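What follows draws every value from the coordinates through simple rules; no lab data is involved. Fair warning: this is a prediction, and the values are worked out from it, not measured in the lab. FYI the Cβ positions are ideal-geometry reconstructions off the backbone, even for glycines, and counts take in every protein chain you see.
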Amino acid sequence: MSETLDDFALSKRIQKKGSIQKVGIIGCGSMGQEITRTVAQHGMDAVFIEISEEKIKEVFAQINEHLDEVINQWGLTVGEKRIILSHIKGSIDYNDIRDADLVVESINSQKPGTNIEMRKDIFRKIEEVIPDDVVITSNNSTLMISEIASVLRHPERAVGLHFISPTSSIKIVEVIRGIETNDASFDFVMKFSKMIEKQAIIINESPGHISSRLIVTLINESCEILMEGVGTVQSIDTTMKMGYGLLFGPFEMADRIGLDNLLKWMDNLYAEFGLQKFKASPIIKRLVRAGYHGYKTGKGFYKYEHGKIISQAITATEFN
Amino acid sequence: MKIIVLNCGSSSIKYQLFDMSTADVLAKGVAEKIGLHGSFIKHERMDGSKVKIDGEILDHESGIEYILGILKSEKYGSIKSFDEIDAVGHRVVHGAESFKGSEYITDEVIKKIEECIDLAPLHNPPNLKGILAMQSLLPDVPQVGVFDTAFHQTMPAEAYMYAIPYSLYTKYGLRRYGFHGSSHKYVSVRAAEILGKDIKDLKMITCHLGNGASVAAIKGGKSIDTSMGLTPVEGLIMGTRTGDLDVGVLLYIMQKENIDYLNANILVNKHSGMLGITGVSSDMREIESAAEANNERAILGLHMYHYRIRKYIGSYAAAMGGVDVIIFTGGIGENGPESRLAICKDMEFLGLEFDEEANKGKRGKEVILSKPGSKVIAMVVPTNEELVIARDTERIVLNKKKK
């Protein structure tokens, strides 16, 4: 049996308790991929679970493409890309995350209304394979971690951990304690946030946290202004971008979030609060039904080609 | 006295165990890929026996723990107990203006090192991790910090100030600091020793040419100028760093390529230098091979590299009002006779008569490169930063004991 460094440890102890070496990520859509990349970039192993081998191949192709783009913008070297990829594995088998130190749920359910049930289902599946004290987090934006965790035998290990896209440049995460969340699990997630170099914003559980709730109202109000014919998609965006220093104007932001995601957020928030300001604007409903889902489909409030805006997709006069 | 010298990088730890009574290196090695896949320790003893041991190294503290374990082990060790270790010396990259020399590590010193992190965000944090790890593993053993920047703190203001608004200097400490201090110090002292001259009478130009590279002008044993600046990016062309660059170029690139300061930092530190120009590699040997195979960009890269060093030698000779000794050290300085020739030829006007025969094929040894009658002496002095760190550590610990 060949010797290893463990033979030279001063005190015979196994891996330090509480260290985070491997993170399981359930669901590797655009958000799941961003989380996977963040984990790998910080030297931890990322194992993502997807629904098929085909999807896994797709994920790797997309991650590759994204990293190549970062290299083209001088943000990474080829050697560093190789190291990052060496940390990422994909699987369809939940058993491959049984030794994870942390599991992050980041699915994107396609059918509206099935979201909460799907997430509960996944939490149950995760709990079947991992030890009782390993923390499970959910990335979702508008549902409550207390509810999702209620199906667990050990709900005290569940914490809400919400990332905002693009995670490579957004330096915060929202951390939400569920009703049952214990101190150890909460502290663990705070430690993880530090490890991935994000400032943790502590949220007292409420639908939409801070981020989704505010962005939804901003976008809805922007739609109101558009419908009234006060300005165009472009002029409203430019006003907020250059007038108030936002990274993207409200409509471009909506396109990047994904109008289908946005609609889900609005439906959930309206269901929770019953307030008009959260009710999805008819414009958004119309765009989503027409398949205009935003940046990822090339069409939303804007039309996109090669990732750049080429024109507005709609004008205000359509709604007069 | 037995002293461990540690040089902690972001994912590696280089170590040497010295017996100060003989200046022998009882053991040395490197722990690599800390916190990454496939970490290992390569260990070598004084008798030349080498071993590579694989294993998971999570962080610097674990790495140092394994290193100590190996040093004490029956199989590969050089000591029987940690009581034999009298002191630990740490290489700390940036000491800013807080540290003009090596310092005995106290809580206050640690705090000051932390304050310098802003100026060296890639280097000081791992240096600090090494210090804290040693404190926790060997709490009773005295520790000393030896700063790369300290040797250059003797520069006059006209050499270290940048022509930017003075308030920015006072607010942030923005000035030239210079690095490789222990190396420049070692080779200059050693050269004077070899030549049998008093260092106080000498004007020396030391060229540390490794993956990182810098030149220093040393007058009377004191550094009076050096090519690296606030950060290790300034000065010579390096493996992946730009060296001197019109600041306007960086601003232009940031605007046109639409990149922020973070990516701009990566651009000038990792995508530039010999790698950026040649497109071949950051490794000198690979570039030289490509140049021999007539790769035009490799040839251009080598010309640029040598030319930049020549300019520095010329300007430092002017700065000191003359030069007596030119020293080559570092990986390329010690092992690159072709580079040394390209840099030193046609320097007769300066008083240097280069001896091509003496230079040919010489690698890794102390050797004189100039002809016997040459007014200026050129020579190779292999560097030994670890010995400087060990000696400084010994001196400081002994001084403290006296008090």
Could you tell me which trypsin sites (Lys or Arg not before Pro) in region B:66-137 are loop residues by DSSP with no more than 10 other beta carbons within 10 angstrom of their beta carbon? B:Lys75, B:Lys80
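For chain B, what is the charge dipole size about the Cα centre, in debye to the nearest 20, if Lys and Arg each add +1 at the Cβ and Asp and Glu each add -1 at the Cβ?
Details: 48 positive and 52 negative charges, 123 e Å.
With Lys and Arg at +1 and Asp and Glu at -1, about 600 debye.
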Inter-probe distance in nm under a simple model that places probes 7 Å from Cα toward Cβ, at B:Leu398 and A:Met242: 7.1 nm
Please name which of A:Ile164, A:Ile25, B:Ser11 has its Cα lying farthest along the dipole of the protein assembly as shown towards the positive end, using unit charges on Cβ (Lys, Arg +1; Asp, Glu -1) and the Cα centre as origin. B:Ser11
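Order by neighbour count: B:Lys200, A:Lys308, fewest other Cβ atoms within 10 Å first, most last.
Values: B:Lys200 10, A:Lys308 7.
Listed from fewest to most nearby Cβ atoms, that is A:Lys308, B:Lys200.
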Less than 14 Å apart at the alpha-carbon level, and either on another chain or at least 8 residues along: which aspartates and glutamates does that give for B:Lys402? B:Glu394
For B:Thr242, what residues show an amide H to amide H distance below 5 Å, using hydrogens built from the backbone and excluding near sequence neighbours? B:Gly273
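Counting only DSSP beta bridges with both residues in the protein assembly as shown, what percent are antiparallel, rounded to the nearest 5? Working shown, then result.
Values: 53 of 98 bridges.
So the antiparallel bridges amount to about 55 percent of the total.
Filter the cross-link list B:Lys28/B:Lys219; A:Lys241/A:Lys303; B:Lys52/B:Lys365 down to pairs whose alpha-carbon distance in this structure exceeds 22 Å.
In this structure, B:Lys28/B:Lys219; B:Lys52/B:Lys365 exceed 22 Å between Cα atoms.
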Need the C-alpha centroid separation for region B:120-140 versus region A:245-279, integer Å. 47 Å
List the residues, sorted by chain then number, that are 5 or more residues from B:Ile326 or on another chain and whose placed amide H is less than 5 Å from its amide H. B:Ile205, B:Ile377, B:Ala378, B:Met379
Over region B:19-126, how many percent of alpha carbon pairs lie in each 10 Å bin up to the one with the longest distance? 12, 35, 34, 19, 1
Apply the Karplus curve 6.51 cos²θ - 1.76 cosθ + 1.60, θ = phi - 60°, to the phi angles in region B:184-197 and return the couplings in whole Hz, x for Gly and Pro. 4, 5, 4, 5, 5, 5, 5, 4, 4, 4, 4, 7, x, 10
So which residue, out of B:His208, B:His303, B:His94, gets the largest mean-square fluctuation from a GNM of chain B using Cα contacts under 10 Å as springs? B:His303
Among all the aspartates and glutamates, which ones have a C-alpha under 14 Å from B:Lys197's C-alpha, if same-chain residues fewer than 8 places away are not counted? B:Asp324
Please give the Cα centre distance for region B:293-343 versus region B:225-282, rounded to the nearest Å. 19 Å
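Mind pulling the per residue volume of the convex hull built on the Cα atoms of region A:17-204? Å³ is fine. Before the final figure, lay out the partial values.
Working: hull volume 20.6 nm³, N = 188.
Convex hull volume per residue, Cα atoms: 109 Å³.
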Computed ³J(HN,Hα) along region A:51-56: with the Karplus parameters 6.51/-1.76/1.60, θ = phi - 60°, integer Hz and x for glycine or proline, the list is 7, 7, 4, 4, 5, 4
Per residue of chain B, what 222 nm ellipticity follows from adding -39500 (n - 2.57) for every DSSP H run with n ≥ 4, rounded to the nearest 500? -11500 deg cm²/dmol
Mean-position separation - Cα centroids, region B:1-65 and region B:166-206, in angstrom: 28 Å
So if I restrict to the alpha-carbon atoms in region A:211-319, what is the Rg, and what is Dmax, the biggest pairwise distance, in Å? 12.9, 39
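Would you mind giving the three semi-axes, in whole Å and largest first, of the ellipsoid equivalent to chain A according to its Cα gyration tensor? Kindly include the intermediate steps, with their values, before the conclusion.
Working: eigenvalues 273, 108, 59 Å².
Equivalent ellipsoid of chain A: 37, 23, 17 Å, largest first.
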Could you give each residue of region B:14-26 its phi-based ³J(HN,Hα) in whole Hz, using Karplus coefficients 6.51, -1.76, 1.60 with θ = phi - 60°, and x for Gly or Pro? 9, 9, 9, 10, 9, 9, 5, 5, 10, 6, 7, 8, 5
Near the amide H of A:Glu105, under 5 Å away, which other amide H atoms are found, from residues 5 or more places off or on another chain, if H is placed in the peptide plane? A:Ile26, A:Thr137, A:Ser138, A:Asn139
Cut-off 13 Å between beta-carbons: net charge of the residues surrounding A:Ser169, Lys and Arg +1, Asp and Glu -1: +1
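Measure up B:Lys50/B:Lys80; B:Lys14/B:Lys345; A:Lys55/A:Lys296; B:Lys100/B:Lys200 against 25 Å on the Cα-Cα distance and list the ones that go over. Please report the intermediate quantities before stating the final value.
Numbers: B:Lys50/B:Lys80 19 Å; B:Lys14/B:Lys345 36 Å; A:Lys55/A:Lys296 17 Å; B:Lys100/B:Lys200 20 Å.
Checking Cα-Cα distances, B:Lys14/B:Lys345 exceed 25 Å.
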